[in-house]
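See below for the structure under consideration.
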Amino acid sequence: MATIFSKIIAGDIPSYKVAENEHFYAFLDINPLAKGHTLVVPKREVDYIFDLDDEELAAMQVFAKGVALAIQQAFPCQKVGQAVIGLEVPHAHIHLIPIQRESDMIFSNPKLKLTDEEFKAIAAAIQQKWSER
Ligand code: AMP
């Protein structure tokens, strides 16, 4: 059965897309730790990130780098933090989170409650920077 992220990539479930290429897809996390919190996923359905082929993992990281630069341009921050957890959704994904301090990366922190309009505006701002690269 397809993962929820495969359904998102296929367009069967809506998402706030920020970037895409042939092999990878980036969209806003629906329970964000910060404005701009983004997930990067491979289109190929693999559960555990370290089961990806070397080339695929390297390409995913390079794709994530471009997305991180776009996030930082759209949402100025100290750095964009990167994390991999993957205990909830069995489809490899990298979290990219604009941070000001270490504690901004704590996943048990309260999540932001954003409206549909806010999510759309955030995604559009990152997508704009992504397309200007
Ligand atoms: P984890 O697998 O522990 O890295 O957590 C999965 C992440 O995916 C969580 O941060 C969720 O908020 C996020 N998530 C789950 N379903 C969706 C969805 N439909 N759209 C966007 N983000 C999602």
State the number of residues belonging to segment 62-115 that are free of Cβ contacts under 8 Å to residues at least 60 places away in the same chain, open to solvent by less than 60 Å² (accessible area, probe 1.4 Å) and farther than 26 Å from Val46 by Cα. 4
Considering only segment 13-111, give the strands (runs of 3 or more DSSP E) lying wholly within it that have at least 1 residues that are over 21 Å from Ala125 (Cβ atoms). 38-42, 79-83
Evaluate the following for Glu55: is it more than 10 Å from the ligand (Cβ to nearest atom), at pLDDT 95 or above, over 27 Å from Glu132 (Cβ atoms) and more than 16 Å from the chain's Cα centre (by Cα)? yes
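The values are calculated or read from the model by the stated rules, or taken from the named source; none is laboratory data. None of these values were measured; they are calculated from a predicted model. Neighbour counts are summed over all protein chains in view; Cβ atoms, including those assigned to glycine, are modelled from backbone coordinates with ideal geometry. Quick note on the areas: whole protein, heavy atoms, side chains included, nothing else; ligands and nucleic acids left out. Shrake-Rupley method; radii C 1.70, N 1.55, O 1.52, S 1.80 Å.
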